[in-house]
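Below is one structure, written out as structure tokens; comments come after it.
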Amino acid sequence: MTGPDASGVISNHPPAPGPVRVGELLRLHPGARVVPVPSGATQIFIGQRGTSLGALSPGLAAAVELLGTKPVDNDELLEVVRSHEGELGMLKTPKLLQRLRAGGWLAVTLEAAGKPLLTFRPLGPAVPPVLKHDGDPAELRMSRFAVLRAEGTGMVLESPLAHVAVELHDPALAGLLASLPARQDPGQAPQDAESARTHLPEQPEVVSALLSALARHGFLVPRSGAAEEDFRFAQWSPHELWFHSRTRVGRHDMPYGGTYWAKGTAEPLPAVRPSFEGVSVELPRVDLEALRASDRTLTEVLEDRHSLRLHDSSSPLTAAQLGEFLYRSARNRAQYDDGSQQLGDRPYPSGGRAYELEIYPLIDQVDGVAPGLYHYDPEGHRLELVAEPGPALTRLTEMSRATAQMSAAPQVTLLITARFGRVMWKYSTMGYALVLKHVGVLYQVMYSVATAMGLAGCGLGGGDSDAFAAASGVAWESESTVGEFLLGSRGEEDGSGVPA
């Protein structure tokens, strides 16, 4: 039924709808576990993180139980407390909610007109965001660190600078984020600030509320770009900051550590890589007892170590020297079985005894071994031919030469690969970071052995994984290069003039 307008005339048009209010729904983190203990206290856990809420009154215990079952608004939560403890019990609720928010136990869903729009899922205890903006939402853009990705059946917005993940419940929100103005450089014509409002035009107050909430958590920044030009943030490329934050605890809520997540779904890889078929070169073994008596001291080796890039082509590395170097650096000394997977034992440390690293000598000049790409068999102590010289090997050799700024091709490039499944089968989230730690310790062992033997060794900072895949025929997603180490007979000087 219509009513009179401001002039007292009966209007045939319904009144204009009022502003849509954005409300909050609360729920415990979906991974939270609430555990009562015999002492009467209530404990709460997410993964390995946990705390005690102490002894909760009946009303607060019922509130925590309700929060663990579904998203609820503040009125519904207060009502369940009132039903157990009366009006006075309701006064305890705000303090409990504050504690749950501060501890990172409470997910918050923003909804409008009964429709959930997005949920802020905590990734750890609440901390002030390092980037945030409280101004006009129309002057914002996406942070360059923010990533929108698929998770389950929906989309999640994340950033290594934020302590929450944002679950999008309305597909229009993805378009809203994409429509935000880009960075505005000095002298550039200003973009239409209203373009961010086009996806939900009938609800501008909802759009503003959502953008303001995202900005408070650091997902949106001022269009000027000044916020991210501070050196603290400018020094990071997005993928490096993501890698750092995801392989440490504190900024994600994913499983972490040795979870054996693949046990029962996939067979673990063997401790030693299956051999390549075809030609192989047997390498002489080393008299370790003689070395114990005659080898240089640890102090001498560490103090004399340098990155040496000049190889003596008139007196190249020999097969015996290459064999001794590989035997001392990377042979497999034993195998074990821990009941879950095979374990190895090599001269360098490896997390969980995974020993996922493999060595592929790319030989250009070694007395006694024909040029080509080989695989070092750490069990049989031999070289297995993988590929003969050709364009793919030339590409790999030239990459090594150019990276080391050498005037001639290195005598040997030791291409270090990782059989990722050896680590990933057991470890969650931190597996690739563990691989790179292993590369570092193998580099140090290689440097030390090369110095002790009077050889020229030099670790490289990068390489071409696609070139290795093309040359070897090994699928890069299963096994790929993660390090490169040059080895050769030692020239008279470094070639760079500066020890490294």
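Counting C-alpha atoms alone, how compact is segment 278-337: give Rg to one decimal and Dmax as a whole number, in angstrom.
Expressed in Å, the Cα Rg and Dmax of segment 278-337 come to 14.8, 47.
Taking θ = phi - 60°, what integer Hz values does the Karplus form 6.51 cos²θ - 1.76 cosθ + 1.60 yield along segment 265-271, in sequence order, with x for Gly and Pro?
Couplings: 10, 8, 6, x, 6, x, 5 Hz.
On alpha carbon coordinates alone, what is the Rg over Rh value for segment 222-268, Rh being the Kirkwood radius?
Looking at segment 222-268, the ratio lands at 1.23.
Accessible area per residue for the chain in Å², computed with a 1.4 Å probe and the full protein assembly in place, what is it?
Per-residue accessible area for the chain comes out at 49 Å².
From the backbone phi of segment 104-115, what are the Karplus-calculated ³J(HN,Hα) couplings (6.51 cos²θ - 1.76 cosθ + 1.60, θ = phi - 60°) in whole Hz, Gly and Pro given as x?
x, 9, 10, 8, 10, 9, 8, 9, 9, 6, x, 10
Starting from the Kirkwood Rh over alpha-carbon pairs, what translational D in µm² s⁻¹ does segment 234-321 have by Stokes-Einstein at 4 °C and 1.567 mPa s?
Calculated translational D: 64 µm²/s.
Give me, ordered by chain and number, the residues 5 or more places off GLN43 or on other chains with an amide H under 5 Å from its own placed amide H.
VAL35, VAL37, LEU53
Over segment 268-369, consider all pairs of different Cα atoms and compute the Kirkwood hydrodynamic radius from their mean reciprocal separation; express it in Å, one decimal.
Evaluated on segment 268-369, it is 16.5 Å.
If you bin every alpha carbon distance in segment 52-91 into 5 Å steps from zero, what whole percent lands in each bin?
The percentages, shortest bin first, are 6, 27, 34, 22, 10, 0.
On the accessible surface of segment 38-100, probed at 1.4 Å, how many percent belong to carbon and sulfur atoms?
That share works out to 56 percent.
Considering the convex hull of the alpha carbon atoms of segment 49-169, report its projected area averaged over all viewing directions, in nm², one decimal.
Projected area, direction-averaged: 9.5 nm².
Could you state the orientation-averaged shadow area of the convex hull built on the Cα atoms of the chain, in nm² to one decimal?
That works out to 36.3 nm², a quarter of the Cα hull's surface.
Using 7 Å Cα-to-Cβ label points, what is the GLU477/GLU277 separation (nm, one decimal)?
Once both label points are built, they end up 2.5 nm from each other.
At 20 °C and 1.002 mPa s, what whole-number value in µm²/s does Stokes-Einstein give for the translational diffusion of segment 16-99, with Rh from the Kirkwood sum over Cα pairs?
In µm²/s, the coefficient is 154.
Please report the equivalent ellipsoid semi-axes of segment 305-414, computed as sqrt(5 x eigenvalue) of the Cα gyration tensor, largest first, in whole Å.
Working from the Cα gyration tensor, I get semi-axes of 29, 15, 14 Å.
If you add up the charges near GLY114, with Lys and Arg at +1 and Asp and Glu at -1, over every other residue whose beta carbon is less than 15 angstrom from its beta carbon, what do you get?
Taking every other residue near GLY114 into account, the sum is -3.
For the chain, which DSSP H helices look membrane-span-like by this rule: Cα extent along the axis of 30 Å or more and mean Kyte-Doolittle of at least 1.0?
Those that pass (Cα extent of 30 Å or more, hydropathy at least 1.0) are 431-453.
With a sphere of radius 14 Å drawn around the Cβ of LEU317, what net charge do the other residues whose Cβ falls strictly inside it have (Lys, Arg +1; Asp, Glu -1)?
Local charge sum for LEU317: -3.
Can you return the lysines within cross-link range of LYS426? Criterion is Cα-Cα under 26 Å, with same-chain partners fewer than 8 residues away left out.
LYS263, LYS437
What does the charge add up to near PRO270, with Lys and Arg as +1, Asp and Glu as -1, over the other residues with Cβ less than 15 Å from its Cβ?
-3
Okay, helix-only estimate at 222 nm for the chain: each DSSP H run of n ≥ 4 adds -39500 (n - 2.57), divide by all residues, round to 500 deg cm²/dmol; what do you get?
Computed mean residue ellipticity for the chain: -8500 deg cm²/dmol.
Kirkwood Rh and Cα-based Rg: tell me the resulting Rg over Rh for segment 413-498, rounded to two decimals.
1.04
The values are calculated or read from the model by the stated rules, or taken from the named source; none is laboratory data. The structure presented is a predicted model; accordingly, all values stated were derived computationally and were not measured. Glycine also receives a Cβ, built like all others from the backbone with ideal geometry; neighbour counts cover every protein chain displayed. Areas reflect the complete protein model, heavy atoms only, side chains present, ligands, DNA and RNA absent. Shrake-Rupley method; radii C 1.70, N 1.55, O 1.52, S 1.80 Å.
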